[in-house]
Amino acid sequence: MAHHALRFAAGTDVGKRRKVNEDSAFAGPQLLAVADGMGGHPHGDVASRTAIAIIVDLPLTGDPAADLAADLAAGVAEIADRLDDLVREDPELAGMGTTLTAMAWDGVRFAVAHIGDSRAYVLRAGDLVQLTRDHTMVQSLVDGGQLTPEEAARHPRGSALIKALQSGSSAEPDVFRQNARPGDRYLLCSDGLSGFVAPEEIRETMARAASPADAVTRLIELANEAGGQDNITCVVADVIAPSLVPRQEPMTLGAAAQDPGLLARLGRRLRRP
């Protein structure tokens, strides 16, 4: 496939039940990422913000010859080290953690790094396909045949994670490559969307939306209409010809946007030759 580009949009909302948005996200021409700070743990916003800050600061070249998957894996390892460093500096942060789903784009394919239960999907030819596998207890039971997907959807501990980026633990992310096609529409989201809005509703919304921005707006509306029981974050990107891509500034959202140092580092990275 010839080189293509991304037209992207992102949005986040605290939802109707939470007081703090512990989600963080980034969307740019070479990188899409969502991190969901672990609810029920202290300082999930610090963990998700740290994850996004480090992934954003990776020296991604956008060169198809580069090993973006290895770059993302190294970034995840760096996040784990940094979370441990932060806890050593401030023991009150012990136990904080975050999911991370990140996709790096080289103009032909994505490299994907995934840990936790934030998800990546692709809408291709009208079909919505989940690219990532949730690192949750119920998903492992589904994989082992002990639960049906329908039972898993109703399970009271459906969001209990068995793997995340968490201080004091080492967990390997799933890392893989995703070949893209012109016309593909990708979605990265926190479980504030995927846990409360049915896959068919997500598919229909993604298929009908005229633009990534329209899709993001409607998906967040649907999650709030379903009760808004968690923070909701969506990143949507279309694979299109470079000549059709509008000029877009990278977007940093949620807890990550509350960190002035992150924005300064981001600006420095964008100014690099």
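Since every read-out is calculated from the coordinates, none of them should be taken as a lab result. Bear in mind that the values here come from a model prediction, so they are computed numbers and not experimental data. All Cβ positions, even for glycine, are placed from backbone atoms using ideal geometry, and neighbour counts span all protein chains on display.
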Could you tell me the distance between the Cα centroids of the stretch 116-175 and the stretch 49-83, to the nearest Å? 22
Candidates GLU89, GLU204, GLU78, ranked by Gaussian network fluctuation over the chain, Cα under 10 Å, top entry: GLU89
Below 10 angstrom from the Cβ of HIS43, what's the summed charge of the other residues (Lys, Arg +1; Asp, Glu -1)? -3
Within a Gaussian network of the chain (alpha carbon springs, distance under 10 Å), most fluctuating of GLY75, GLY126, GLY254: GLY126
Nothing charged except the Cβ atoms of Lys and Arg (+1) and of Asp and Glu (-1): what's the magnitude of the dipole of the chain about its Cα centre? Round to the nearest 20 debye. 640
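Between ALA198 and ALA171, what's the calculated FRET efficiency when r is the beta-carbon distance and R0 is 35 Å? Round to 0.05.
E(calc), rounded to 0.05, equals 0.75.
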If you build a Gaussian network model of the chain, linking Cα atoms that sit under 10 Å apart, which residue out of ALA152, ALA53, ALA113 swings the most? ALA152
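Which value in Å is the Kirkwood Rh of the chain over different Cα pairs? Intermediate results must be reported in sequence, preceding the final value.
Values: mean 1/r = 0.0541 Å⁻¹.
It is 18.5 Å.
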What's the extension gain from GLU92 to ASN179 if we count 0.36 nm per residue and subtract their Cα-Cα distance? 27.1 nm
Those helices of the chain passing the 27 Å axial Cα length cut-off and the mean Kyte-Doolittle cut-off of 1.0 (DSSP H runs only) are none
I need the Kirkwood Rh of the stretch 31-174: take the reciprocal of the average 1/r across all distinct C-alpha pairs and report it in angstrom. 16.0
